[in-house]
Each structure stands twice: as structure tokens, then as C-alpha cells.
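In what follows, a structure is listed as C-alpha cells, so that the remarks can point back to it.
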Amino acid sequence: MSSTYEVGTRCWYPDEKEGWVGTEVTSHKHEGNKYIIGLVAEDGREFTVEADSLDENNKDLPQLRNPPILEANEDLTSLSYLNEPAVLNAIKIRYSQLNIYTYSGIVLIATNPFQRVDQLYSPDIIQAYAGKRRGELEPHLFAVAEDAYRCMKRDGKNQTIIVSGESGAGKTVSAKYIMRFFASVEADSTNHDMSDTEKQILATNPIMEAFGNAKTTRNDNSSRFGKYLEILFDKEPSIIGARVRTYLLERSRLVFQPQTERNYHIFYQIIKGMKDEDKEKLGLTKIEDFHYLNQGGVPEIEGVDDAKEFKDTSDALALIGIEADKQYEIYKILAALLHIGNIAVAKTRNDAHISSEDPNLVKACELLEIDPNDFSKWIVKKQIITRSEKIVSNLNHAQALVARDSVAKYIYSALFDWLVDYVNSDLCPSEVESKINSFIGVLDIYGFEHFDKNSFEQFCINYANEKLQQEFNAHVFKLEQEEYIKEEIEWSFIEFSDNQPCIDLIEQKVGILALLDEESRLPSGNDASWVEKMYQTLAKPPTNKVFSKPRFGNNKFTVSHYALDVTYDNEGFIEKNRDTVSDGHLETLKATSNQLLQEILATVDKSAELLQTAKQGRGINKKPTLGSIFKNSLVELMKTINSTNAHYIRCIKPNEQKKAWEFDPLMVLSQLRACGVLETIRISCAGFPSRWTYVEFADRYHILVSSDEWLKVASGETTQEEVSGLCNKILSISIDSEAKYQLGNTKIFFKAGMLAHLEKLRSDKLFRSAVLIQKNLRMLYHRRKYLEIRNSIMGIQSVIRGKLVRVRIQREIEEHAATMIQTAARGYLARTNFQLALHSIIILQSSIRGLKTRRETMERRNLNGALVIQRSCRSYLGKREFRKYIKATIFVQCCLRRKLAIKELKALKVEAKSVNKMKEVQYNLENKVIELTQSLTSKIQDNKNLVTEITKLKALLDESSNDKEILQQQHVEFNQKLNTTSEKHLEEVTQLTQELNSVKSEFGSSQARIEELLKEQEQLKDDVKRNVEALDKARADLEAYDAEKDSLNKTILQLKSDIISLQQQQPQAKVLSTPTRNQQVNNRHSLSPSSNQNLPWSSPIQSFTPRPVSVMQISRDDILTSNVNQINDELWKLLRDSRSLHKEIVDGLLKGIKIPPATVAGDLTRKEVLFPARIVIIVLSDMWRLGLTKESEDFLGEVLSVIQNLVSALKDEEVISHGAFWLSNTHELYSFVSYAQSTIIANDNISNEMSDSEYDEYLKLVAVVKEDFESLSYNIYNMWMKKMEKDLEKKAVSAVVLSQSLPGFMAPESSPFLSKVFSQGVQYKMDDILSFFNSVYWAMKSYFFEPEVMNEVIIELLRFVDALCFNDLIMRRNFLSWKRGLQLNYNVTRLEEWCKSHSINEGGNYLVHLLQAAKLLQLRKNTPDDIDIIYEICYALKPSQVQKLISQYYVADYETPIAPGVLAAVAKRVKEDDKEGGFFLDVTGGSGDGVFDDPFRNVDLRGFTKVEAYIPSFLNLPAIRRIVELVSRNAEFESSI
């Protein structure tokens, strides 16, 4: 295919600084045989390119650039133009947007941010990627880890994750997070905390880092060894252990560090972190005092606390079983190594000398527990063993220093190997090894290295990378071919560069390693001789293609590696390959008395024996060299990798200065070449690099065909065949050659550049469609304008014509009106004249007639006045005579009456002086009192008879309850008789009262007269006094009668009420209970009624008329006559029978309860909701009152356990209502116990009636019970909340995030065809969420939750919905759009309105993240100013959350794409944010640890004055009913006392 390079075509041009710069074609000329293309760069620079042809294989042409939609694609293999600049640009753009991970086929490219990004590795992110397939979420190393875990679980095949990259690229951190992922996911999948094994596996990281990592110029935490960690799984699969293999520890770092570098971390940690007394014992002072530590000149790492790291290392060692004592022994050996480095080797003319008193020598040997003389001897001497003798010779100064450093390196290397062996023995003992079913290996190995001076270490590292690259190429090629075979497409063999010649150069029998081993075994072998042998042997065909000699110098050689040619300096190769320590030093070390050192040396011997065993049968038994050991271990590693399914992570170092978020294109480009990413892409480009599923292809490119074609597929039921047919039609009209694409079984495969071609066709179609739409819209606009003008002209014409007609009609109307006015005026004048004449005549007539009438009236008035005067005079004279007669008559009567009164007065005075008369009066008075008493007695007897008759009637009513008609007739007769009798009694009482009042008045007057006339008769006065007392008694009897009468009336009323109840067949009764709780005593009868009255919670029984219940009526007579001791005896027996009591409480009350349903009306009463708690209160309080302490503890324990088990077993519909019911009852119990405790402390009478020990014991008992109820409330509340959150978790995302309830703004699905082909699961709507909150709210309200608790529960659930939905929203790809923002805002607003309607006005504050996320999706995002506005509006969102939402935003075809500058501005905000803490919200409730604080502890306790004992009729609880009845009787008896 040839490229046209039309004007406007985007392409790449090479650049020395940036690698590649983006350009655009500005001119295209064809002059002769030359094509001249003019380019302009984004920064304004202009370039010219000349080419012979426009063929795509012409390397002179600039490489084409991908469409903007593909430039930042998360998978590089999805790029239309798969070339070097496109790959580099995609990684650069994603890195600038803070996306450090990018896929390249099976490879994950991880670019080091050089900044802590803990939010990318939080537990929430781990759970987000757990169970997700690769590609469902953004690229992440957790996706690779999850893919490996799923493949192992599905196929049962071992997996390997290979993490490679150069120093400082982030390999160690990546491997660490992968290990954390496996441990965390395995723990969360089984709903338990991390196991000890998983913790131990994670603990290997700080151990290996401390002993194997160091600061280098490129990396502050560089791994100086390779590590292969096998995480072992059983058949479940569950993690059961791990194994660690290490490769090529950099021993030379122990004795030498370049400038700005450090030794291994552990040395700095022990100096900074150990206690001063321990350091004094080990002779450790300052870092600057030790030669092995002060060479780099930078003893500290910025931002790293070595003391804290030391503690982490010590904790990790303890976790794998190395206790403090053995750790100290390790630190002793490390300190000894530092002292060895300080041993002064004196230089003489021909040899070297060490003083036997050297303090460092003495201290080192003391710590190693070896002989200092022997140790110092073999530093300055060497021993050569021949067949006949041993020759000892002196070493010169340089050789002595090498000997000193060699033994230090040997000990440290042996210590490192011992640590690895200990870790393996701890994490993979024999019993674990027998259970191994599969494993996932994590290989953290050094990347390709190329320095100015390359030595033995770089050679080994690059050799390992050659082997890994060969395996990688073969694996990629294999996967590519398998994909083609699986999809059954036609393909040809793909060639790829094979690095086997380079590997043969190193490994063959006469290769580099073989010649190195041969030279190393010669006593006189040296580097120069070895290099000369290589020149002679390898610098000729066929090896001369990959091996060459530099032009200058004879101490170097060049190897052509797969990445680039590397020149190695031969200095030190032989010595490092030998890696030996003198036999004298070995014998000295083995003679040590240090137990740990003996174990370390034994580990070395064990490894050597295994190696010798493996080499048996291969020839002469030779001492292994470091090169041969590394080669063998590498071969074993490749066997392991080849037997597993490999996954690749390539770590990239973006800049040399380790600056955060800075990108060096040239440096990254060299690493992409070195790590094989570009080779992977080249292999892909050789075939069909771009591949889309049929559904995805049809979804994006269906607009390229007529709408009639794809509407038939999108409407109705869609099948895979219909989608495939649509794709065929699209391809047939879009691509002219079938060789440019292949149709597979499930995917369509494209050659490079085809997607760009299709994107151009799609853009052109959209452009033409937009032009067509604009044309029609403009036509509609102008036609609307024309019609408006035409209608305006017609309107003006009609107005003018109407005006003319109206003028003519107006004139005619006025003329007609004038005629009518004239007619009316003339008629009016004629009528007026007539009316005036008529009116004058009538006035004249009325005047004459009025004068005549007035004259007649005056005459009649005079005549009547004369008659009145005559009548008045005659009447006055008659009245005057009559009054005179009457006055005379009255005077005569007065005189006569006065005379008779004087006579009567004299007679009374005589009678008053007579004693007999007084006695007679007294006798009459006594008779009247006796008569009154008899009358009262008879009336009382009648009342008693009446009561008896009423009792008989009541019994008759009980017997004849089934015969309602007879009962009603008797009731009528009884009422008539009762009314008649009552009326008679009232009349008699009234008469007696009047008589008594008259007697009292007469007695009073008589007593006054006696006191005035007979003061000397004292005896008579005493009699009168007794009479007064008798009268008082009679008055008291009368008052008692009145009281009895009132009681009788009440009884009658109660009887009437009972009759009505029986008629309605709704029996009602008074249920009596008492909340009394007395102090614990030894004797169950020791509390008397008088002492009970002192108890502060003793109160009269409250009676009420409840809803239909079982009748427990207790008569007053029974209460007053009951024996309190008998009641207590029966209560004692019932409460002591724990088996039956517990059975009724547990099975009958708690488990057999029918919880009243919570309704919106909320018509439940407290007694219907809280009766279980109140029954428990009654039983518990009387156990305490009767001294049954042990029984109360058992009873209480049973109740607590059953309630907690009931709540924990709740499921589905029961969770909300049943949980709220038991929570409210539990708080009722807690409030009662708290009330009892406070009352006991406040009432001094209780403490006075008990001994101090009894009082303290009772207080302790109540305190323990209170704590138990508090714990129960806490546990129930947490279980209830977690069950509700679990239920809400299933509905919230579907209802709040996914549901689209707002009509007119429905966001399209990610694919109109995908939703047709694949069915969706259960979908919830916002109505389901609102119904859930309604259920919670009305359950709490119906069961009498305090308002503060209700608000706290609702707010906690709102916070959970906000966090859960926001976390889901922020991880969704190709989902976020402005329409989704509208829908989300509508859904959340409905929830906010619900809160306001239920008086939770602050509810919206806890949905702020969702509300602001919805606003963000609706706001413009085109300029940096728009971003500033977004940050102002979305103040609750962190910069990282804003950046995540914007980067996930799906730009529709009609929207302006978000410019890279805008994304860069958002990323800059994230970099500048100092409060970075992840973009996930915490979904765990309470204080953030998943535990909720009990809100009932923050509200007032419920009041307790009286307790209602309500037992529903459906409960079969005979013992409980009897207990309540006895307690009620006892309480009534106490109140009567």
C-alpha cells in the first residue's frame, strides 16, 4: 500500500533531543522522479523530505502518526501505525497524564514516577482488580497478577511474572506490590485476615532489601541481586508457603562503593537503629569511622529513616522465626565485617604486615569467635599445596588487601545465602512441600546494563537478559501464531531476530565462559591471557559476527547483544570468577566457636555438595567458579520459566536524575529497545497487529454503511451472525483489498495502518453528515425567516384594509347615532313639560287636603285631653282616702301583737329555768340520734345486700356468658332496680341530712343558752360534750357511707364496662406489674414490705387498657389478703427452675416471637415493641430481689447469646425490621440497668440496709450487667449495619450509577450491538434505593429509636452509598459522559430530596462526592480556565480524583476532544497536591476500620418510672405469665402497705 502524504497528514520526524517530533504535511510536490514533502513541526520548525517513491516500505519517508483518538491508547498493539515514534509518544502522553502503566500486547510497561503513588496500590485498588479480566480496567500490574492467578486457577498450570528493567526503573517495588496483591486477594477472597504464612511472605521483602539492596547513582534502593520468589498454592488454591532463589549477589559492593553510593542498607540500619549499649558491645560508633561505609561520601538517603527501617527489618526477622537473640548474633557478624574492613595492613618493601594488637583485628576476631593470630596470618600470607608439600609465602600489600576483602565478601555472601536458606526452610518445610499443587513465580531480575566501564557483573547480567530475551521472543511469537490458529485465519511464517548466536558465543564449549573458567583454574591465570585467548578463538567466523576486538587496546572485547554492542573491560574478570578465599582462612573460620557462623559455613558446604553431586559423571571433579554457578542457576531458571506460563512487566526509568514525572524521550527509547518492547511490536507488525471483535468494530464503524443496513441489526433481537454480516458489508465498501484484513472466528485482524484508514473514512463520513445537517438546518432557518416576512406583509395588508372599513363603518354609526340622539332629545323635552304640569297639579291638591286633615286632628286632640284630666283627678281623691284607712288598720294590729309577745316571753323565761325541760330536750335529741344511727345501719345493710346481689349478678353473668339475650334482659332489670333504689337512698339521705342540720342548729342554740344561764352545772356540760362526740361519730359514719357509696358506684361502672366488653367479645383486663428491684440478700424472705418501700425504683403498678391480650385480672381483695411470703415462695420456685424458665424465654419469647410489622402509619405502642425487654427486666429484677445471683447470671448469659445469634442469622427481608426491633429492645434493657445503677448509688437507704460487702457486690453485679448489655448493643448495631450495607452494596451501583431515570437524556450503552448480543443481570432502580431507605427509616421510627440514632444510621448509610458509588464510578472506562452526569445528578438529587422530606436536612452533605462528580461531568473541559472552574465547584474532590474522572471521560463524536494541554494542567495539579491520599473513598464504616460506634451511647437513657408487663396472647408462656402475676400482686401489696 502506498501512502499519499496529502496536505494535512500527520507524521513524525527524527530529532536529536526529543527522539521524534510531531509534524504535519504542508506541501507535496512531484518533480521528476522525486517526491518533495514539506513538513512543519508543532514548535514551528520546517523540514523537507525527498523520496524516490511513496511506498510504505520506503525508509526515507517520515513515519505516519496515529489519529488523536488512538495516540494515548492503553495498549500499544492497538495503534494503527505501530512504529517507534508512535510507541514512544503513547507512553509519553500517558505518563504526562499520570498513567504510569501501558500494555504492549502481553507486556506491561511500567514507567517509574519517582514519587510515592500509594493510592495506586491501596487495598481498594487491589479489590477493584480482583476477579477482573485483563482489559476490563486500566493497565496495572495488579491486572497482570490477577491474570496469572486466574490462569493458574483455571488451567492448573504454574505461572511466572518476569519483572525486568534497568537499575532505578522500579523492579523491586513492582515485585513487592505483586506479592502484596496475592497475599491480600487470597485473604479477602476467604473473608479472613492475612494468614501468618502470607505475612511471612511479605516479611521477606524488608529482609531481602536490607541485606541485598543498596543506594546507587541510579537508584536509592537498587537490588544488587536477582530474586525468583515462588508463591506456593495448594489445591484450593490457597497460599501455603513460598520459596526464594537468588542470583549473583554483588559481593564487591561490600568492600567498595563509588562516589554518592552506599553499602548494603543493613549496615547503616544497625548503626542508626541499635541501642547504644548494644552498639558499644559490638564496637560500633559512627558511619564515618568504617572504611566499608564511608567511601561513597553519602551515608544517608533523603527521605529514608534508617532507624525506622532497622525496626522493620527486625520485626520481619522475628516474623519468620529469627528471634532477638539470633538477630543479635547476625548483627555481631555484620559488625565484625565492618571491623575487618578497618584492619590496617602495613606496607613494607616486598610484603605486608598486620599488628597483632590492632584493635579492629581483635574486635573482629572476638565477635567471630576465631583465633586472631591465625586470621591475621592468612591475610598477609598464602599457602600453595603441591603433591609433596605445602609452600607458605608472603603477600604484597595489594594482595593482602585483596585477601582481607575476600574473606569479608565470603562471610557476607555466606550470611546472605544462609538467610535465604532459612527463609525457605521456614516458608516451605517438608509438610508444606507435600501439599504443593501449583505456584506463581515472581522474577525480579536486573535489566540490560551498559556503562562506560563494564565488568564481570555487567557481563553476567547481560548474559541473563540474553536468555530471557530469547525466551520472550519465542513466547511472543508462539502467542501470535496461536492467536492466528485459534481464529483460523490465513497467515505466513513471521521472522524475528534470533539472538542464539550471542548465547552460543557465551555458552558453547569454547565460549567466553568456558575460556574464563579454564583461565581461572590456572594458578598463573590472569585477565590479559584470557582476553588474548578469546581474540584467537572467537574473533573468527562464525562467532566474529557477535564478538569483536576494539580498535584500540588489548584489554577489552565487544559483544553484540540483542539491544546494542557492549564493550567489556577485562580487569577483575578472573579474580571475580574465582571468588575464592584461602584455605587458611577457611580453616580458621570453621574453627570458630560462634554457633551462627558455624551454621552459615555449613550452609555453604551443603550448597557445594549439591553442586558437586549434580556434576558427577560429567568428568573431572573441579571446583566451581562463580561464572559456572551462575550459568547453572540460569539454566535451571530458564527450565522453570519454560515450564510455566510467563507474564512480563518491563520497568522503564524515565530520567537519569530521578526527578518526579519528568520524561526523557531518548533515555526511554533506548530502554524500549533494550527490553524488547519494540521487538514485540515488530513481530506484531509483521502479521496483523490490529484486531477488533466483531461487536466493537460494528459499534464504531457501522456509520460507514447506510442506516438501513445497521438499523435492521440494531433493532430487535441481534445475533452474532447478523453482526458479522454487518462487519462484512462495512469492510467490503471501506477496504479495497481483502489482503489488508482477515476475518477470524471472533475477531477481525487488520494490517498496520488500516485502522487509521477506517478512522479517516469515519471522520469524513461524520464531516459530510455534519455538513448535510448544517445545510438542512440553515435551510430551515432561512425558510422560517421567509415565511415570517411573508406572513408579516399579509398581516400589514389585512390591518390597512381593516382600518379603512372600520373608518367607513364608524362614520355610518355616528350618523345613525346623531339621528337617534335628536329623536330622544325631542321626546325627552315633551315628556319633561308634561311631567312639570302634572306635578304642579298634584302638589296643589295635596296642600289643600293636608290643611283640612290637620284641622280635624287638632279638634280630636283637645277633646281627648279634657277627658284625661277629669279621670286623673277622680282617681287621686279615691287613692288618698284608701291609704289613710290602711295605715290605721296596721297600727291597731301592731299594738295587739306586741302585747301577745310580751306574754310569751315571760313564759319562756320560766321554762328555761326548769332542769327537767332540758333533760327532755336532751332525751329527744338522743332519740333522734339513735333513729339516725339505725337508719344509717339499715342503709349500710341494704348496700351490703346490694353488693351481694351485684356479686351474684356477676357470677350469673360469668355462668351465662353464652346466653346474651337473657343477660341483657337481666341487666336492664337490674339497672331499673338499681336506679330506683339509688333514687330512694338519695331522697332519704337528703332528708336525714336536713334533719341532722336542724338538730345541730337547735343543739347549738340550746348549748348557748345553757352556757349563759347555767354555768354552774358542770355535769350537764359533760353530757352535752358526749353528745357532741356522738354527733361527730355519726358524721364520720355518714362520710364512710358516702365513701362506700362511691366505691359501689365505681364497681357498678366497672361491671357495666365488663358487660359491654363481653357483648363485643373483646375481653379487657388490667395487667399489673412492678419494676421493683431489691438488693441481693442471702434469705429470700429477708425483705419486708417496709424495707421495699425504701427502694427507689419501687412504684405503684400502672394499669391501662391495652389492645387485645390475654386476661390477667387481679382483684383488690386478693391483693390485700395475699401473704407476701407465699408469693415470694412461689416466685422463688419458678425462678429457680432455670430449665423451664430458660426454655420459655428462649424458645417461647425470643425465638417464637412474632415481631410486629413496622408500618408507615407507625401506630405501634411502646408496650407492643418493647415487651420482650420488659419481661426480661421483670424476671431479672426479681431474681436480684430474691437473691438468685447465680441464676440471674445464667439467665442473662442465655438471653444475650440468643439475641446476638438471632440478629447474626437474619437474612434478606428480615434484616432491617428484625434488627431494628432487637436493637431497640437491647437499648431498653441497657437503659433499665443504667437507671438501676444510678438510683442505687443515689439512694442512701439501700446502702444503710446492707453490709458494705453486700453493697459492693451488688454494685459490681449491676456494673457487669450494664457492660454486657452495652457490648450486646454494640455487637448488634455493627452486625445490623454491616448486613444493611451488604444488601445496599448489591443495589447501590446499579441504581445510582447505572440506572437512567431522567427521560430525554438517556446515555447510549457502550455498544448498541453488545447489549443485544449479551443479556444483562439484575438491574435496580432508584425506587429500590428509596424503598430501602424508607424501610430503614420507618423500622426505626416504629420501634421507637431516638431521633439522634435515626439520623446517625441514615447518615452512615448515605456515606456508604456515596463512597461505594463514587469508587465504582471512578474506575469505569468509556462510561463517563455529560449525559451520565445528568442522570447521576438526578438520581442523587432524588436521594437528597428524600432526606429533606424526612427531616434529615444535612443528608446532602454526605453525598457531596457523587454530586460534585456529576457536576464535573456536565462542566466544560476545553481550556485550563475550565479546569480552574471545575476545581472551584468540585471543592470536595481531591486533585487525583478530578484527574481520574477527566481522564476516564468519554468524549462523544459531537464533543470537542479534551486537549492534551488540559490533561497536562490537571496532572500538574495532582503533582502539586501535598495531601495526596488516593482517589478511592473509604467504604468502611465508623472510624475507618469497618467498626461502627454505637450511637445509643451518645443519647439520653430512656426513662423508667413504671413498667408495663404486656404478654401477647399468641405466646404460650404459662410460667412467665404466673411470674408476672405474682410480681404484680407483690407490688400491689407493697403499695397498699
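The values are calculated or read from the model by the stated rules, or taken from the named source; none is laboratory data. These numbers come from a predicted model, not from an experiment. Here Cβ is always computed from backbone atoms with ideal geometry, including for glycine, and neighbour counts include all displayed protein chains. We work out accessible area using only protein heavy atoms, side chains counted, and drop any ligands, DNA or RNA first. Shrake-Rupley method; radii C 1.70, N 1.55, O 1.52, S 1.80 Å.
Taking θ as phi - 60° and the Karplus parameters 6.51, -1.76 and 1.60, the scalar couplings of the stretch 1258-1274 work out to 5, 4, 5, 4, 5, 5, 5, 4, 4, 5, 5, 5, 5, 5, 4, 4, 4 Hz in sequence order, x denoting glycine and proline. Only lysines eight or more places from LYS939 in sequence, or on another chain, were considered; those with a Cα closer than 29 Å are LYS928, LYS952, LYS954, LYS977, LYS984, LYS1000, LYS1025, LYS1033, LYS1045, LYS1050, LYS1056. A Förster radius of 25 Å combined with the Cβ-Cβ distance from ASN554 to SER455 puts the calculated FRET efficiency at roughly 0.90. Taking all protein chains together and rolling a 1.4 Å probe, CYS873 ends up with roughly 80 Å² accessible.
So for GLU881, GLU166, what's the accessible-area order with a 1.4 Å probe, most first?
The ordering from most to least exposed comes out as GLU881, GLU166.
Of LYS540/LYS576; LYS227/LYS1444; LYS478/LYS751, which pairs sit farther than 23 Å apart, going by alpha carbon to alpha carbon?
Values: LYS540/LYS576 27 Å; LYS227/LYS1444 34 Å; LYS478/LYS751 19 Å.
LYS540/LYS576; LYS227/LYS1444, as the Cα separations exceed 23 Å there.
For the set SER628, SER1138, solvent exposure ranked by accessible area (probe 1.4 Å, protein chains only) runs largest to smallest as SER1138, SER628.
In this model, which of LYS17/LYS533; LYS132/LYS1211; LYS59/LYS556; LYS747/LYS1415 are farther than 32 Å apart at the alpha-carbon?
With Cα atoms farther than 32 Å apart: LYS17/LYS533; LYS59/LYS556; LYS747/LYS1415.
Measuring between their Cα centroids, the stretch 1356-1370 and the stretch 529-565 lie 64 Å from each other. If the cut-off is 17 Å between C-alpha atoms, which aspartates and glutamates fall inside it for LYS1283, apart from same-chain ones fewer than 8 positions away? Of all the aspartates and glutamates, those that pass the test against LYS1283 - Cα under 17 Å, at least 8 places apart if same chain - are ASP1212, GLU1213, GLU1214, ASP1328, GLU1352, GLU1356, ASP1489, ASP1493, ASP1494. What separates the Cα centres of the stretch 1136-1205 and the stretch 68-99 is a distance of 69 Å.
Sort 774-785, 1424-1435 for me by packing, meaning the mean count of neighbouring Cβ atoms within 10 Å per residue, highest on top. Could you put the intermediate results ahead of the total?
Details: 774-785: 9.8, 1424-1435: 14.4.
For the peptides 774-785, 1424-1435, the packing ranking is 1424-1435, 774-785.
Close amide H pairs (under 5 Å, H built 1.01 Å from N) link HIS561 with VAL566, residues at least 5 positions away or on another chain.
For LYS347, a cut-off of 17 angstrom between C-alpha atoms picks up these lysines, skipping any fewer than 8 places away in its own chain: LYS377, LYS381, LYS382.
Rolling a 1.4 Å probe over the protein heavy atoms leaves LYS549 with an accessible area of roughly 100 Å². When peptides 830-838, 399-407 are ranked by their average number of other Cβ atoms within 10 Å per residue, the highest-first order is 399-407, 830-838. Farthest towards the positive end of the charge dipole of the stretch 11-142, among the residues GLN115, SER27, PRO14, is the Cα of GLN115, using unit charges on the Cβ of Lys, Arg, Asp and Glu. Rounded to the nearest whole Hz, the Karplus-based 3J(HN,Hα) values (6.51 cos²θ - 1.76 cosθ + 1.60, θ = phi - 60°) of the stretch 401-408 follow the sequence 4, 5, 5, 4, 5, 5, 5, 5, with x at glycine and proline. Packing-based ranking of 1220-1228, 137-145 yields 1220-1228, 137-145, ordered from highest to lowest mean Cβ neighbour count within 10 Å. Using θ = phi - 60° in the Karplus curve 6.51 cos²θ - 1.76 cosθ + 1.60, the 3J(HN,Hα) couplings for the stretch 334-348 round to 5, 5, 4, 5, 5, 5, 4, x, 8, 5, 7, 9, 6, 9, 10 Hz; x is entered for Gly and Pro. In this structure GLU815 has an accessible area near 120 Å², from a 1.4 Å probe over the protein heavy atoms.
Taking 24 Å as the limit for the C-alpha separation, the pairs LYS308/LYS332; LYS509/LYS545; LYS171/LYS1468; LYS199/LYS1471 exceed it in the case of LYS171/LYS1468; LYS199/LYS1471.
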